[in-house]
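Undergrad: After the structure tokens below, expect a handful of questions from me.
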Amino acid sequence: MRLTEEVVFEVVEPGIAVITLDRPAQRNAINAGVMEGLRQAWLRLEADDTLKVGILTGSGDKAFCAGMDLKAAAAMGLKVPPRDMFPVLGDVVNISKPTIAAVNGVALAGGWLFAQMCDLCIAADHATFGITEAKVGRGMPWAAPLIHMLPQRVMMEVLLTARPISAQRALALGYVNDVVPLAQLMARAVDMARDIAANAPLTVKAARELVYLSTEMGRSAGLRAAHHLFESVYLSEDAQEGPRAFAEKRPPQWQGR
């Protein structure tokens, strides 16, 4: 399903949706159609109770997303972007379902942001990641959460030099979950999505929230919040179904309640 000319939304198997940025000739650069299509895609993912995981990728083999279409930005005379201009997960758009970035090529500037905002990231072995705003005099306020994802000196290097890093280095730093050949990229992302979708949905939702809560709190506050977060999970029907299915040697039948 094409949400806009630039963004495609496809349910590839039960529970898993793939969102594709489809401007390969422009290296999937961000324009108004990309922003609107992504906004619709995230809302569609969240609203559909049959969908458990979303995968974000780009078309072609050169670029995941090369960032903002600078020709369009120059024509607009863009100054300070409105905070809600980009459909950024966890900031402008809030969803409760896990997302995976399947990075099929360069992820630069806003492309780095799109990989950063997803919960997990699989990269093709030729992919590179860079925050290149310093080269064009623009800003990257959205990079603040990177302090929880990269060592401080690496974050400084990435922001100040504007030099991209390889997928292999991103993996070594823990920014990327796995690196595979391009031909295996989508299969690896779908395999990860399938593992998540098969798990207890209430536990997955709470665990995802736990990770983000933990970046906002100290140790004691985080533990208190986590106990509260998981109380409803422990009291759910699924919490009884899981051990029962294990004892009966059958797959669990999750109800999400």
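Undergrad: So how far, in whole Å, is the C-alpha centre of the stretch 223-257 from the one of the stretch 105-120?
TA: 33
Undergrad: Starting at 0 and stepping by 10 Å, how many percent of the alpha carbon pairs of the stretch 201-247 end up in each bin?
TA: 27, 44, 23, 6
Undergrad: Using the alpha-carbon atoms, what tilt in degrees (0 to 90, nearest 10) does helix 152-161 show relative to the longest principal axis of the chain?
TA: With rounding to tens, the tilt is 30 degrees.
Undergrad: Between Ala225 and Arg2, what is 0.36 nm times their sequence separation minus the Cα-Cα distance? Round to one decimal in nm.
TA: So the extension gain works out to 76.3 nm.
Undergrad: Now for a separate question. Averaging sequence separations of C-alpha pairs under 8 Å and six or more residues apart, then dividing by the length of the stretch 88-202, give the relative contact order as a whole percent. Walk me through the numbers on the way to the answer.
TA: Values: 169 pairs, mean separation 32.8, N = 115.
Computed value for the stretch 88-202: 29 percent relative contact order.
Undergrad: Relative contact order (percent) for the chain, with alpha-carbon contacts under 8 angstrom and 6 or more residues of separation? Write down the numbers at each step before the final one.
TA: Values: 437 pairs, mean separation 38.2, N = 257.
Relative contact order, the chain: 15 percent.
Undergrad: Another question, then. Return P(r) of the stretch 41-189 (all Cα-Cα pairs; 5 Å bins starting at 0; whole %; ordered from short to long distances).
TA: 2, 9, 19, 22, 20, 16, 8, 3, 0
Undergrad: Antiparallel DSSP bridges in the chain: what percent, to the nearest 5?
TA: 30
Undergrad: On a 0 to 90° scale, report how tilted helix 237-247 is relative to the longest principal axis of the chain, with both axes built from alpha carbons and the result rounded to the nearest 10.
TA: Between the helix axis and the principal axis of the chain, the angle is about 70 degrees.
Undergrad: Also, quick follow-up: Just flag the GluC sites (Glu not before Pro) in the stretch 222-257 sitting in loop per DSSP whose Cβ has no more than 12 other Cβ atoms within 10 Å. Intermediate values should be presented prior to the final figure.
TA: Details: sites: Glu231, Glu237, Glu241, Glu248; in loops: Glu248.
Here the sparse-neighbourhood loop sites are Glu248.
Undergrad: What does the helix-only formula give at 222 nm for the chain: each DSSP H stretch with n ≥ 4 adding -39500 (n - 2.57), the total divided by the residues, and the result rounded to the nearest 500 deg cm²/dmol?
TA: Taken over the chain, the calculation gives -12500 deg cm²/dmol.
Undergrad: Related question: Rounded, prolate or oblate: which fits the stretch 1-72 when a ≥ b ≥ c are the square roots of the eigenvalues of the alpha-carbon gyration tensor, with rounded for a/c under 1.5 and prolate only if a/b beats b/c?
TA: Prolate.
Undergrad: Kindly put Val103, Val34 in sequence by how many other C-beta atoms sit within 10 Å of each C-beta, fewest to most.
TA: In order of increasing Cβ crowding within 10 Å: Val34, Val103.
Undergrad: Just Thr57, Thr132, Thr161 to compare: in a GNM of the chain, with alpha carbon springs under 10 Å, which one fluctuates most?
TA: Maximum fluctuation in the GNM of the chain, among the listed residues, is at Thr161.
Undergrad: Subtracting the Cα-Cα distance from 0.36 nm times the residue separation, let me have the gained length for Arg138 to Gln255 in nm, one decimal.
TA: 37.4 nm
Undergrad: If you don't mind, there's one more thing I want to ask. Got a sec? How would Glu216, Glu157, Glu6 order by Cβ neighbour count within 10 Å, fewest to most?
TA: With the fewest neighbours first, Glu216, Glu157, Glu6 line up as Glu216, Glu157, Glu6.
Undergrad: Hey, another quick one. Dipole size in debye (nearest 20) for the chain around its Cα centre, Lys and Arg Cβ +1, Asp and Glu Cβ -1? Mind dumping the intermediate values first?
TA: Values: 26 positive and 27 negative charges, 125 e Å.
That gives the chain a dipole magnitude of about 600 debye.
Undergrad: Still on this structure, I have one more. Order by neighbour count: Ile95, Ile165, fewest other Cβ atoms within 10 Å first, most last.
TA: Ordered by Cβ neighbours within 10 Å, fewest first: Ile95, Ile165.
Undergrad: Given q = 0.12, 0.15, 0.16, 0.21 Å⁻¹, what are the Debye log10 I(q)/I(0) values for the stretch 125-257, with equal point scatterers placed on the Cα positions and solvent ignored?
TA: -0.73, -0.97, -1.02, -1.18
Undergrad: Pull up the cross-link candidates among the aspartates and glutamates for Lys62, meaning alpha carbon to alpha carbon under 13 Å and not fewer than 8 places away within one chain.
TA: Asp22, Asp125
Undergrad: Restricting to Cα pairs below 8 Å that are 6+ residues apart, what does the relative contact order work out to for the stretch 122-257? Please round to a whole percent.
TA: About 24 percent, as a whole number.
Undergrad: First check a/c for the chain, with a ≥ b ≥ c the square roots of the eigenvalues of its C-alpha gyration tensor; if it is under 1.5, answer rounded, and if not, answer prolate when a/b is larger than b/c or oblate otherwise.
TA: Prolate shape, in that a/c is at least 1.5 and a/b is the bigger ratio.
Each reported figure results from applying straightforward, stated rules to the coordinates on display, with no laboratory input. Computed from a predicted structure; not experimentally measured. All Cβ positions, even for glycine, are placed from backbone atoms using ideal geometry, and neighbour counts span all protein chains on display.
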